[in-house]
Amino acid sequence: MRITIVGGGNIGTQFAVHCAEKGHEVTVYTSKPDIYERHLNIVDESGITTHEGDIKLATFDPEAAFRNAELIMVTMPAMMMKTVSKIIYEHTDSKPVIGVVPGNGGSECAFRKCIERGNVFFGIERVPAIARLVEKGKTVRSIGYREELHVAALPKKYAEECAELIGGIFDKKTTAIPNFLNLTMTPSNPILHTARLKTLFGDWHEGVVYQSVPLFYEDWDNASSELLIACDEEVQKICRALPKFELRFVKSLRIHYESPTPEAMTEKISSIPAFKGITTPVVAVDGGFIPDLHSRYFTADFSYGLTIIRQVAEFAGVTTPNIDETIAWYHGIMAEKDEFRFEDYGITGRNAFADFYLM
């Protein structure tokens, strides 16, 4: 296939390598095409190459990137989806299949015009593996590959063929799930990161400087686990209130991490090898550190994560006091916010919400 990968970062490079390795004709759409080498590779934690392949082109020309693509795989942050979707809409027709990873963040709404035009749209629930660039435009380290991937599509009748496509690229069992809302409600970073940030910086305001800051995961504590579990249970309440949407794939983080109690959750998260060494998003200032409010942990996981879950709760008629409190804290420290709103895409009530996700 002729495949265009949108984004030349961690996940974009990972996808480009796997697609090229399978013999597909790969183009990478990136703002920095000049630094890209033709031969890309993936290495493991020891630096040993595990996957490699040659791409056809790296470009920032949308006409060259999209005009003849058969599959477009978008790996950009959620807050960039609206802009990216307009570019793709303008430079394609209804033929290419469009996918996003990860599948939460409201991307399905950003691509609504493409879907209504006739493009098959799909998302992958979570990234196939944790990826970190070693050398941009050349090498990415990928560890912790998932045993199984989940794919959902709009219209939903195309989920099976999209799952087969992704399974063939990654040589992984890939399961089609019944409704895209399963991806939208996935309680990964929108719950995980936001609960941790509120616990770490709950007392922060302008003028507060921290002498030291714990590692994000390795120094995880029970207070973070307690809020995480409380928000996670509210997500499950929302799912139970929407039985028509078949949300059984929105797995509780207590099940995902095999941790039924706060203590068990703390032990689990702090000991995951792939999370080792990940720092807390902060900015160094005179006398110490303050939260990095420009980090995607803030700008994406609140504004294009937890706020979406909160809006789905409103459609479902479910109260979410812990999620509400966490969002209120975020609003209190952010002077400017760019937030996802369903109403911006014409979804203004439960009926419009159901019509879109049940198509």
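So here's what we get for this one:
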{"read-out": "Residue list for the stretch 14-64, restricted to those being in a strand (DSSP E or B) and buried (at least 23 other Cβ atoms within 10 Å of the Cβ)", "value": "26, 27, 28, 29, 40, 42, 58"}
{"read-out": "Number of the exception - residue 318 against (1) out of contact with any Lys or Arg (no Cβ under 8 Å at 6 or more places or on another chain); (2) modelled with pLDDT of 95 or more; (3) buried (at least 16 other Cβ atoms within 10 Å of the Cβ); (4) not charged (D, E, K, R)", "value": "(1)"}
{"read-out": "Condition met for residue 152 (touching a Gly at 6+ places or on another chain (Cβ under 8 Å) and among the aliphatic types (A, V, I, L, M))", "value": "yes"}
{"read-out": "Odd one out for residue 74, checked against (1) within 19 Å of residue 107 (Cα to Cα); (2) in contact with a Phe, Trp or Tyr (Cβ under 6 Å, 6 or more places away or on another chain); (3) aliphatic (A, V, I, L, M)", "value": "(2)"}
{"read-out": "Residue count, the stretch 225-273 (criterion: under 22 Å from the mean Cα position of the chain (by Cα), farther than 26 Å from residue 142 by Cβ and among the hydroxyl-bearing types (Ser, Thr, Tyr))", "value": "2"}
{"read-out": "Identity of the residue in the stretch 252-270, without any contact (Cβ under 8 Å) to a residue 40 or more places away in the chain and assigned to a loop (DSSP other than H, G, I, E, B), that ends up farthest from residue 204 (Cα to Cα)", "value": "258"}
{"read-out": "Single match in 212, 188, 271 (criterion: surrounded by fewer than 14 Cβ atoms within 10 Å (Cβ to Cβ) and within 27 Å of residue 335 (Cα to Cα))", "value": "212"}
{"read-out": "Scan of the stretch 118-159 for residues that are under 30 Å from residue 90 (Cβ atoms) and either free of Cβ contacts under 8 Å to residues at least 24 places away in the same chain or of a type in the set (S, T, N, Q) (or both), ordered by number", "value": "119, 157"}
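So that you can scan it fast, the table gives a plain yes or no per residue for (1) on the phi > 0 side of the Ramachandran plot; (2) in contact with a helix residue (DSSP H, G or I) (Cβ under 7 Å, 6 or more places away or on another chain); (3) part of a loop (DSSP other than H, G, I, E, B):
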residue: 116; (1), (2), (3): no, no, no
residue: 119; (1), (2), (3): no, no, yes
residue: 140; (1), (2), (3): no, yes, no
residue: 145; (1), (2), (3): no, no, yes
residue: 153; (1), (2), (3): no, yes, no
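The values are calculated or read from the model by the stated rules, or taken from the named source; none is laboratory data. A quick note: this is a predicted structure, and the numbers were derived from the prediction, not measured. Positions of Cβ are generated from backbone atoms using ideal geometry, with glycine treated the same way; all protein chains shown enter the neighbour counts.
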